[in-house]
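Contents: one structure, followed by commentary.
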Amino acid sequence: MSGKLYIVSVPIGNYGDMTVRAVETLRSAGLIACEDTRKTGILLKHFEIESKLFSYHDHNENFKTDILVQRLLAGENVAVVSDAGTPCISDPGYRIVRAARENGIAVEGIPGACAAINALVVSGMPTDSFMFEGFLPHKKGRNTKLKEIAEEKKTIILYESVHRIEKLIVELTEHIPGRRICVMREMTKIYEEHICGLPGQVLEKLRKTPPKGEFVVVIEGISGKVKSKIQEI
Ligand code: SAM
């Protein structure tokens, strides 16, 4: 009898967001596949979880997927976590889920924090239909994506790192100067901040203090622009 593959969400910065099921699932898993054994080790220690860790990240995902499938087929329960939030969302995980399904292995999600969804629901932008783009490509294809965003009717969610957040907002001032955006910084952490307004206004505010931490950018779609009466910065 095969084991089961669990896709387990963990907090995006606040350990208070760890779910009871996540702790129980990680405690009972034979193996926890994680991106960074040091980071996940800290989480496991905090929640007194003693299961074994297995390194599984972008650079070894293909090769390690085969090993995980063998262990699942041998009857072991395997949990996948990422450094923060939900695996498979701009993080490794998709390949092992697909391989498990191809091999008839049961898969279960243990839901929890996800930066994209948390940012969307506090943005005040339409949530009935949205598009998640993750990180924009750094070079090739970036301009095309920005042009697509300028034409997009749905709310758009982007991830961005501290090194590129200012560059991205500058680009938004050029491509969508009249559309409302929300920059969510350090969600669930002590210095959580939401900067919302037109790209030019957000840029001005961001430049007053050098940006720190992690960011999600939520962008109003064209249809949202027509309806939005929110004025804030
Ligand atoms: N799988 C994760 C999830 O479910 O949200 C996302 C992983 S992705 C590699 C990391 C990016 O998520 C960061 O660069 C940032 O854009 C966003 N992010 C993660 N935690 C965040 C937080 N607490 N506040 C704002 N953005 C966050």
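Restricting region 96-114 to residues that are surrounded by 14 or more Cβ atoms within 10 Å (Cβ to Cβ) and more than 30 Å from residue 180 (Cα to Cα) leaves a set whose member that is farthest from the ligand (Cβ to nearest atom) is 105.
Could you tell me which of the residues 79, 33, 29, 22 is of a type in the set (Gly, Ala, Ser), outside the structural domain of residue 187 (by TED's automatic domain parsing) and over 21 Å from the mean Cα position of the chain (by Cα)?
Values: 79 fails: over 21 Å from the mean Cα position of the chain (by Cα); 33 fails: over 21 Å from the mean Cα position of the chain (by Cα); 22 fails: over 21 Å from the mean Cα position of the chain (by Cα).
Exactly one residue qualifies, and that residue is 29.
Okay, residues lined up against (1) touching a strand residue (DSSP E or B) at 6+ places or on another chain (Cβ under 6 Å); (2) within 25 Å of residue 213 (Cα to Cα); (3) loosely packed, with under 13 Cβ neighbours inside 10 Å:
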residue	(1), (2), (3)
116	yes, yes, no
120	yes, yes, no
126	yes, no, no
138	no, yes, yes
144	no, no, yes
155	yes, yes, no
170	no, yes, no
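Among the criteria (1) more than 16 Å from the ligand (Cβ to nearest atom); (2) closer than 21 Å to residue 117 by Cα, the one residue 214 does not fulfil is (1).
Residues 126, 177: which one is in contact with a Ser or Thr (Cβ under 9 Å, 6 or more places away or on another chain), in a loop (DSSP other than H, G, I, E, B), away from the ligand (no atom under 16 Å from the Cβ) and of a type outside the set (Gly, Ala, Ser)? Outline the logic, then answer.
On the way: 177 fails: in contact with a Ser or Thr (Cβ under 9 Å, 6 or more places away or on another chain).
Of 126, 177, the one residue that is in contact with a Ser or Thr (Cβ under 9 Å, 6 or more places away or on another chain), in a loop (DSSP other than H, G, I, E, B), away from the ligand (no atom under 16 Å from the Cβ) and of a type outside the set (Gly, Ala, Ser) is 126.
Criterion first (within 30 Å of residue 182 (Cα to Cα) and within 11 Å of the ligand (Cβ to nearest atom)) does residue 93 satisfy it? Working first, answer last.
Values: within 30 Å of residue 182 (Cα to Cα): yes; within 11 Å of the ligand (Cβ to nearest atom): yes.
Answer is yes for this residue.
Out of curiosity, is residue 27 more than 16 Å from the ligand (Cβ to nearest atom) and either crowded, with 16+ Cβ neighbours inside 10 Å or assigned to a loop (DSSP other than H, G, I, E, B) (or both)? Answer is no for this residue.
The values are calculated or read from the model by the stated rules, or taken from the named source; none is laboratory data. This is a predicted model, so every value here is computed, not measured. Here Cβ is always computed from backbone atoms with ideal geometry, including for glycine, and neighbour counts include all displayed protein chains.
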